[in-house]
Amino acid sequence: VQLQAYGGGLVQAGGSLTLSCAASTRTLSGYAVAWFRQSPGKERKFVAAISWPGMRTRYGDSLKGRFTISRDNVENTVYLQMNSLSPEDTALYYCATRPSPSVATTATAYTDWGQGTQVTVSS
C-alpha cells in the first residue's frame, strides 16, 4: 500500500491541525492504520491507531483528549485531528498500515509507511 501523509504545517501553540493519510494502489479495507511521530535525535513514537473498520482506537501517552484519529472508508483516508498543540508536538508525523484489522502500538507491527508530514508548533 502506498500512503501519502499531508496536512502538516506551522501553527502557534494552542492551535489545531488535521493530518490526512491517503492510500493509493489499494484500498485500506481490512487494514489498521496508525500515526507515529519522530523528532530530530529521538526515536519514533506511537501517536494513535485505528482498527478496521474503525470501532477501536488507541492513543499514545497523554495524547488522548487532544488528538483524535478517524477514518473515512469510502474516501480511503485516515485523519488525525490535533488540538491544543504545544511545541513538544513538533515532529515529523508518519502514517503506517498493517495487514490486520487490529490496532498495534509498536512500529514494527506496521509494514507500509508514508513519507511523513512536518508539524511545527511555535511558542
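Details
- Taking all Cα pairs closer than 8 Å and separated by 6 or more residues, the relative contact order of the chain comes to 37 percent.
- When both region 1-42 and region 48-123 are represented by their alpha-carbon centers, they are found 6 Å apart.
- In nm, spacing of pseudo-spin labels at Leu10 and Arg26 (7 Å Cα→C-beta vector): 4.0
- Rounded to the nearest 20 debye, the dipole magnitude of the chain is 240 debye, with +1 charges on Lys and Arg beta carbons, -1 on Asp and Glu beta carbons, and the Cα centre as origin.
- Simple spin-label estimate for Glu75 and Thr105 gives 2.8 nm between the two label positions (7 Å along the Cα-to-Cβ direction from each Cα).
- Protection proxy ranking, peptides 102-111, 13-22, average beta carbon neighbours within 10 Å, highest first: 13-22, 102-111
- A Gaussian network model of the chain, with springs between Cα atoms under 10 Å, assigns the largest mean-square fluctuation among Val47, Val33, Val74 to Val74.
- For the chain, the solvent-accessible area with a 1.4 angstrom probe is 50 square angstrom per residue.
The values are calculated or read from the model by the stated rules, or taken from the named source; none is laboratory data. From a predicted model like this one, the values you see are computed outputs, not experimental measurements. Here Cβ is always computed from backbone atoms with ideal geometry, including for glycine, and neighbour counts include all displayed protein chains. Heads up: the accessible areas ignore ligands, DNA and RNA and are worked out on the full protein's heavy atoms, side chains in. Shrake-Rupley method; radii C 1.70, N 1.55, O 1.52, S 1.80 Å.
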